[in-house]
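The values are calculated or read from the model by the stated rules, or taken from the named source; none is laboratory data. Everything quoted here is computed from the prediction, not taken from an experiment. With ideal geometry, Cβ positions are generated from the backbone for all residues, glycine too; neighbour counts draw on all protein chains shown.
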Amino acid sequence: MNMPQFTPPTTATITRTEDLAAACARFATHEFVTVDTEFLRETTFWPKLCVVQVASPDEAVVVDALADDIDLAPLFDLLRNEKVLKVFHAARQDIEIVWHLAKFIPAPIFDTQVAAMVLGYGDSIAYDQLVHRITGAPIDKSSRFTDWSRRPLTPAQVNYAVSDVTHLRDVYVRLAASLRKRGRTHWVLDEMSVLTSPDTYRQAPEDAWRRIGGRMRKPRDLAVLIEVAAWREREAQSKNVPRSRVLKDDALTEIALQAPDTAEKLGAIRMIPKGWERSRTGLDLVEAVKLGLARDQASLPRMSPQRAAGNSAGATVELLKVLLKMVAESQGVAAKVIATTDDLDLIADSDEADVPALHGWRRELFGEKALALKKGQLALAIDKGKVTAIPR
């Protein structure tokens, strides 16, 4: 397949609102634009937007989001424009920034990382790797971890930012053509519905426990985890600091398991700094533990079968993992985009599990086979060194 021949882009660094408005008016005449952001988050809860880069087939701009004389309203209008497709790579963090600053989600969008997974480029492929595989172009990564808040921006930073969105044009066109050829465009559109849902970006304290790695085996442990994770989320948001600056995940997990309902018990936990349990923050955490202990266990979210103690579905899950890998390899799709480990846990527990793997194209590709395997209607065997499925 021949690569599209884009006009070498006219590049500008924009620091004034009127220049941004003029550029966005030009961008709005195109069918698609590519978008990327540079931000800092190491010391804050909310990302600090520093730079936005946008490209059309014949132009690229680097928008200095920290400039004194700039209002990003024209850019937000472009991102709202439903006649222009916005192309991102790994869009979630970029969209989260827009959601936090302007309380809307860009639409329509296309995520090249998702498209790459659907086309068999692997799980969550990095941008530079995808560009190299599709275009053969090397990516200069020297500015990746630069301080994007320092001014003035250096020529190296500007060149790095521009290359991100100009290479992305080539990647998008190639992936979109491959999706059409293989009849998988609607697979990616299904994934875009997740990325454009406000629920994806709401930082609700009551849901904060879901992102913590430690798995709770008892309802009491889960109840305490829900409350202490919500407490940490509120603390981090109100102080605009990373969650780990308040308390690390492993400390929260240990607190959930030990459920210290007094300052003395909290202070006995090794991960708690000496004396911290007597501070206002420590006492507030103890109160959160008490709320968890007092919580009606009937109100708790349903624990997945793997989280419940003494579960015997492990062998079923392992067979489902083998089936998933077989399907993913045979169809040229990243396993991660078909089903997660939690999905497999829930499918092992119930044929009616409300998971993506049992809906739409995923059900056709994998879900029906998974249910047949559970019912003994499908067997797995090895033929010439490869796993194969045999109807029974």
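Scanning region 345-369 for residues that are at negative phi and in contact with an Asp or Glu (Cβ under 9 Å, 6 or more places away or on another chain) returns Leu346, Ala353, Val355, Pro356, Ala357, Leu358, His359, Trp361, Arg362.
So that you can scan it fast, the table gives a plain yes or no per residue for (1) surrounded by fewer than 16 Cβ atoms within 10 Å (Cβ to Cβ); (2) assigned by TED's automatic domain parsing to the domain that holds Pro356; (3) in contact with a strand residue (DSSP E or B) (Cβ under 7 Å, 6 or more places away or on another chain):
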| position | (1), (2), (3) |
| --- | --- |
| Val171 | no, no, no |
| Met192 | no, no, yes |
| Arg211 | yes, no, no |
| Asn240 | yes, no, no |
| Arg245 | yes, no, no |
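Residues in region 333-353 that are in a loop (DSSP other than H, G, I, E, B) and over 20 Å from the mean Cα position of the chain (by Cα): Ser350, Asp351, Glu352, Ala353. The number of residues in region 163-201 being part of a helix (DSSP H, G or I), among the small types (Gly, Ala, Ser) and over 17 Å from Asp36 (Cβ atoms) comes to 4. For Leu189, the stated conditions hold: it is of a type outside the set (Asp, Glu) and out of contact with any helix residue (DSSP H, G or I) (no Cβ under 9 Å at 6 or more places or on another chain). Does at least one position in region 119-142 carry a residue that is under 15 Å from the mean Cα position of the chain (by Cα), in the same structural domain as Thr17 (by TED's automatic domain parsing), surrounded by fewer than 18 Cβ atoms within 10 Å (Cβ to Cβ) and not in a loop (DSSP other than H, G, I, E, B)? No, region 119-142 contains no residue that is under 15 Å from the mean Cα position of the chain (by Cα), in the same structural domain as Thr17 (by TED's automatic domain parsing), surrounded by fewer than 18 Cβ atoms within 10 Å (Cβ to Cβ) and not in a loop (DSSP other than H, G, I, E, B). Evaluated against (1) surrounded by fewer than 19 Cβ atoms within 10 Å (Cβ to Cβ); (2) modelled with pLDDT of 95 or more; (3) in the same structural domain as Val224 (by TED's automatic domain parsing), Arg280 falls short on exactly one condition, (2). Here the condition is being loosely packed, with under 14 Cβ neighbours inside 10 Å and among the hydrophobic types (A, V, I, L, M, F, W, C); of Ala348, Ala259, Ala294, it holds for Ala294 alone.
If you scan region 22-79, which residues turn out to be among the polar types (S, T, N, Q) and closer than 25 Å to Thr112 by Cβ? Correct list: Thr29, Thr34, Thr37, Gln53, Ser56. Taking the conditions (1) touching a helix residue (DSSP H, G or I) at 6+ places or on another chain (Cβ under 8 Å); (2) loosely packed, with under 14 Cβ neighbours inside 10 Å in turn, Glu82 satisfies each one other than (1).
A count restricted to region 64-84 and to residues that are of a type in the set (A, V, I, L, M, F, W, C) and under 15 Å from Ala28 (Cβ atoms) stands at 6. The set of residues from region 143-158 being farther than 17 Å from Asp36 by Cβ and without any contact (Cβ under 8 Å) to a residue 60 or more places away in the chain comprises Arg150, Pro152, Thr154, Pro155. With respect to the conditions (1) surrounded by 13 or more Cβ atoms within 10 Å (Cβ to Cβ); (2) of a type outside the set (Val, Ile, Thr); (3) under 23 Å from the mean Cα position of the chain (by Cα), Ser197 lacks only one, and its number is (1).
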